[in-house]
1. How many residues does region 4-35 contain that are closer than 19 Å to Gly58 by Cβ and either in contact with a Gly (Cβ under 8 Å, 6 or more places away or on another chain) or aliphatic (A, V, I, L, M) (or both)?
2. Report yes if some residue within region 39-51 is surrounded by 11 or more Cβ atoms within 10 Å (Cβ to Cβ), modelled with pLDDT of 95 or more and in a strand (DSSP E or B); otherwise report no.
Amino acid sequence: MQKQAVVFNGQEVGIAVPVENRLKFIAVRFNIIDLDNRLFDTVAEIRRAITEHLASSGRAITSH
């Protein structure tokens with residue numbers, strides 16, 4: 001496993017860092033900071049968590 005950028009809706013929103021056969025998500029966008037440092041099994045799972053988080057919070061990924 002390698003570090004990899006997490007792209008959501010065409011924007012980099014964080015980094016997936018391998019930790020003991022899992023991926024630690026490092027968020028770089030404030031509106032998904034609640035997911036920071038959580039462990040996931042796949043990048044697809046990270047994206048799913050982002051989708052669910054944004055839907056429940058009524059937020060969206062915006063460009064700066």
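1. Residues meeting the conditions: 6.
2. Yes: one or more hits.
The values are calculated or read from the model by the stated rules, or taken from the named source; none is laboratory data. This structure is a prediction, so every number in the text was calculated from the model and none was measured. Every residue, glycine among them, receives a Cβ derived from its backbone with ideal geometry; neighbour counts consider all protein chains shown.
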